[in-house]
Amino acid sequence: MIALLLAAASSAAALVPASSRAALLLDGDTASTGFRALLQTAGAHAAGASPDSIGENLRHAIGVDLLADAASWGLSPLGPRAIVFNAGSVAFSAPVKDGKAARKRLGAWLAEAGPSRPTRPAPLKGPAASGNRAAMIDHGRLFIGSGPHATALVNTLAHLNANTSLSKDRAFRAALARATGPAALFFRVDTLLKGGVLALEASAAGLTARGLLLPDGDAPLLVGEAPQDCAAGALACIRADLGGGGRTLLAAAAREYLTYALSGETRDLLDRLAQHASTNAGKFIINVAGLDAALLADERDSIWALRFNAAAEATATLPDQLPRGVARTATGLSVQARRPLCLEVAAQTVALSSPCAPALDLKSGSGSGDAFNASLDIVAIDRALSRLSPFDVFKGPVAGGGYAAHLLFGALLRNAGPLTITGHPAGAAAVVELRLPLR
C-alpha cells in the first residue's frame, strides 16, 4: 500500500504484472499535461500526431482518452495509473472517484463492440467482455482493455498481489527507483538486453527520457569513454566504449547487417571475422554519412541505401582462402556486391565500410566523459525520403513506408531533432538520456 501512495510514476509498477512486456506508468493527471503540450506541437505539423488523433487511438484501445476526457469517466485525478502491454493486448488500470460515471462509460464502450457478457458466474468477480474488449470495476479501480487476450489481461490486473507485480521484480528494482517523475516507460526484451525503465518528461519543446538499460547478464554494457566526435553533417553517428554486454550487442548488430547484405560463403566469411572482432572490441564508432533513397526497396535490398563507415578497437585474422567475389586489398578485403563493401584490418583496428573508405580514428576520446553517444539527424532523413515518388511504392515495403512517412509526417520530421542519446556505466547497467526536441 505504501508504494501506491507515492507521488511518482514508479508507484504504478505495483499495478503491472511482472510478466508484462511493456507498460506506461503514470502519476494521476500530472503526466497528461506534458504529453498534451508535446502532441499539440507535433500536431501543428502532422494531424496524425495531434492530441485528438492520439486521443482517439487511446479511446479505441483502453476506452479513456487520457489527454481529454479522463474526468468524464469518473477517474480520480490523483493516484497511480498504468497502461500495460502483453501478448498483443493492452489494458489500463486507474483509480475511480465516481463509480456511477465510470460504469456508465464502461458499459457504452463495451456496447460498441456488441452485447457484453460476464466472464465468470456470480458471485465470482470477473471482467465483462464484448468482442475483443473487456472491463471491470473492483475495489475502487477501473480495469479496461482490448486485444485478443484482453479478458485474461484485465483479469490479471484486477487480481495482482504483492508477489506478482512488477514492483517486486528484483531485476528492475533499481531502474524503477530512478523513475521519480510523473511518467515512465518500462519495457522487457527477450534477448541481448533484459529491458529498462525510462522516466519521461514531455513538453511543447520535446521529449526527454532518462533511466537505466539492463544487460542480459552480468557483463557491463559500457566502460570508459567514447571515442572522438563524428564527422560534421553525418546522418547518424554512434560512439561507445564497450563492455562485455556492449560487445554482445555489437556482434548481434553485425550479424544482422551481414544477413541482409550478403549471402552464401561471402556472408559466412565476413560474419566469422565480425564475430571474432566483436568479442574483443573496445572503443567503437559508426558514422552513417547518408541515405540513398533510390536504393530503398524491400528489407534486404534497402540495407545498401545506407552509406556508412564503422570501426572498432579489435583484432582479426584474414584467411588465406577467399570465396568468389571477395578480393584481397592492401589493408583487408573488398566485396563486390550491390555497392562496394570493404573490411580493413590493422594492428588494433577492424573497420567495415560501404562504399569503401579509410578507417575512422579511434585513438582520441570524445572529451564529454560519456561512454556512449549517439545522434540522428531527423531533418536529413526527411530530406532523403523527399526524393521518393509514388512509383517507388511498388519497389518494396521499405520504399513504400518511406514515401508514406514523408507524405504524412514530413513536416513533423523537418521540425524535429536532432535525436541524441548519451550514456555512462552504472555497474553492469547503463544510465542513458534521450532528447528529442520539437519546434
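Of note:
- Scanning segment 41-58 for residues that are crowded, with 16+ Cβ neighbours inside 10 Å and touching a residue at least 24 places away in the same chain (Cβ under 8 Å) yields T41, A42, H45, A46, A49.
- Odd one out for D241 among (1) farther than 18 Å from A175 by Cβ; (2) part of a strand (DSSP E or B); (3) assigned by TED's automatic domain parsing to the domain that holds A44: (3)
- Segment 264-306: number of residues that are among the β-branched types (V, I, T), in a strand (DSSP E or B) and farther than 20 Å from A347 by Cα: 1
- Selection from segment 182-194 of residues that are under 23 Å from R81 (Cα atoms) and in contact with a helix residue (DSSP H, G or I) (Cβ under 7 Å, 6 or more places away or on another chain): P182, A183, A184, F186
- Against the list (1) at pLDDT 95 or above; (2) not in a strand (DSSP E or B), the condition A234 fails is (1).
- Test: residue in segment 205-216 that is assigned to a strand (DSSP E or B), of a type in the set (K, R) and within 24 Å of L306 (Cβ to Cβ): no
- Members of segment 221-248 that are under 23 Å from I378 (Cβ atoms), under 20 Å from the mean Cα position of the chain (by Cα) and among the aliphatic types (A, V, I, L, M): L235, A236, I238, A240
- Condition check for A179: of a type in the set (A, V, I, L, M, F, W, C), surrounded by fewer than 18 Cβ atoms within 10 Å (Cβ to Cβ) and either at negative phi or assigned by TED's automatic domain parsing to the domain that holds P127 (or both): no
Here is a yes/no grid of residues against (1) at pLDDT below 95; (2) buried (at least 17 other Cβ atoms within 10 Å of the Cβ); (3) among the acidic types (D, E):
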residue: S364; (1), (2), (3): yes, no, no
residue: L376; (1), (2), (3): no, yes, no
residue: D382; (1), (2), (3): no, yes, yes
residue: L385; (1), (2), (3): no, yes, no
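- Residue in segment 227-234 that is under 15 Å from A371 (Cα atoms) and surrounded by fewer than 20 Cβ atoms within 10 Å (Cβ to Cβ) present: yes
- Filtering L438, L419, L407, L413 for residues that are in contact (Cβ under 8 Å) with a residue 24 or more places away in the chain and either more than 20 Å from the chain's Cα centre (by Cα) or surrounded by fewer than 20 Cβ atoms within 10 Å (Cβ to Cβ) (or both) leaves a single hit, L419.
- Check on L258, crowded, with 21+ Cβ neighbours inside 10 Å and out of contact with any Phe, Trp or Tyr (no Cβ under 7 Å at 6 or more places or on another chain): yes
- Selection count, segment 97-134, where residues are over 28 Å from G79 (Cα atoms) and of a type in the set (K, R): 2
The values are calculated or read from the model by the stated rules, or taken from the named source; none is laboratory data. Because the structure is predicted, anything quoted here is derived from the model rather than measured. In this analysis, Cβ positions are derived from the backbone assuming ideal geometry, glycine residues included, and neighbour counts consider all displayed protein chains.
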